[in-house]
Amino acid sequence: MEQQRYERPLIKRVENDMPNKFGMKPENFPKTSIDGVKVHDLIEKYGSPLFVLSESTIRNTYRRALKAFKNRYPRVQFAWSYKTNYLNGVCKIYHKEGSWAEVASRFEYEKVLRNGVPGSRIIFNGPDKTEADLKKAIQNESLIHIDHLDELYTIVNLTEELDKKPRVAIRVNMDTGIYPMWDRFGFNYENGQAWDALNKIMASGKMELVGLHCHIGTFMLSTKAYGIAATKLSDLALGIQKKYNHQIKYIDLGGGFPSRNTLKGSYLPGQDINPNIDDFAEEISSALLRANFPPDNLPLLILETGRALIDEAGYILGTVISNKRSATGKRTTIIDIGVNLLFTSYWYDHKISPAQEFTHFSEYTTVYGPLCMNIDVIRDNALLPLLNKGDHFVIHQVGAYNMTQWMQFITLRPRIVLIDQESNVHIIRQAETLENFSHMEDTPEHLKTFEL
């Protein structure tokens, strides 16, 4: 008979299940499997820590988002945001679903081309496009979103040597009632910068002005801000039609929609208070349909949604290293996942679920990673059941940004697997090794040998 683990006695106030100003009392349930595959089997075969992505969740989330917009507005096109998660195994799912690609660098642009996306279905954003980048984008007939006048003038100069007319849009920043305002990118709507850029494009006659673009913020909790943005871009589009008799083909409202994660400092869980995709679709489509576009000639609505489409599909599995008591007596749990792998733990209070059954005893716990840094904190104050050394757990909703903003620091980066729709597991990124990490280093000859 296996000896039971000791748990210290606890006197706990009996509470009913009514919510207070902080919402419902947190509850913990074991997460023993993902898409029919056992967490323990995944860790045993592929190691700990381990990133896991669900193909079924990716596809279902994308289809729900597309349906939410198409039910309200007839012309909609998503463009997958590569910076959110640029693993080929992820990006190709979105492309198979019909999504274009949105990139913010030459590195991402090349990745998209290698993934087989036609150049005409690539949106090139960002302030750092070199002359060579712009030339390649023009030759591939990509959509270039101009960020500043220097870029605009570079494109004009390139038209002297190229036989293709660049397809361009401008990025517009604006006051949508959200502060601080994102005004470091693009041309301002209120002070006339946007019209100045548009006039220069139209006067040159060397570019095809096809769209208008904005990206007003990140993890936006205000749907009304998008309604304001759609209204202001519509105003510009209609102004161009009136002044130049020129039809804008698309309005691109960028990304920034939140996932269901809980922002640090929030009183209530994100799944309870964050607007969902239907809320944003309602606000945006209503604003566009209220504008004076001819009903039979509405502009295409482009959305560069990233986080809201992928966060829920990502998990990271890990193992408990040890438990301690702090100087104040608070329980602290050390795990094998640090902020080098889970960058978003600086932003969110990620949900943590044990991967095995547990007793009803729970305690407020600080969860630390394994790095030798005091800032390596995954959760400051999580109400968790007792997790013992060697126990496994699942951290939820980590699909966005962690696999692009992670870093090699102290520990090597782990494998990433994708569970397909038939519950088959595929390695889509191998674990880092000392060899492939070091292969770019070159040691000077006089330092190669030494004696101690």
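The values are calculated or read from the model by the stated rules, or taken from the named source; none is laboratory data. All of these numbers come straight from a predicted model, not from anything done at the bench. For neighbour counting, all protein chains shown are included, and Cβ atoms are generated from backbone atoms with ideal geometry for every residue, glycine included.
Of the strands (runs of 3 or more DSSP E) lying entirely inside the range 343-452, those carrying at least 1 residues that are hydroxyl-bearing (Ser, Thr, Tyr) and in contact (Cβ under 8 Å) with a residue 60 or more places away in the chain are 352-354, 362-368. Of everything in the range 201-225, what is surrounded by 18 or more Cβ atoms within 10 Å (Cβ to Cβ) and in contact with an Asp or Glu (Cβ under 8 Å, 6 or more places away or on another chain)? Give them in sequence order. Within the range 201-225, Gly211, Leu212, His213, Cys214, His215 qualify. Selection of the range 302-342 for residues being over 17 Å from Tyr368 (Cβ atoms) and either modelled with pLDDT under 95 or assigned to a helix (DSSP H, G or I) (or both) yields Arg307, Ala308, Leu309, Ile310, Asp311, Glu312, Ala313.
The residues of the range 166-200 that are surrounded by 14 or more Cβ atoms within 10 Å (Cβ to Cβ) and at pLDDT below 95, listed by number, are Ile178, Met181, Trp182, Asp183. Checked against the criterion of being buried (at least 19 other Cβ atoms within 10 Å of the Cβ), β-branched (Val, Ile, Thr), farther than 17 Å from His350 by Cα and touching a helix residue (DSSP H, G or I) at 6+ places or on another chain (Cβ under 9 Å), the range 395-417 has at least one qualifying residue. Taking the range 128-145 as the range and being in contact with a Phe, Trp or Tyr (Cβ under 8 Å, 6 or more places away or on another chain) and under 18 Å from Asn173 (Cα atoms) as the test, the residues that pass are Ile144, His145.
For the range 263-278, the criterion of a residue being closer than 26 Å to Cys91 by Cβ and surrounded by 24 or more Cβ atoms within 10 Å (Cβ to Cβ) is satisfied by no position.
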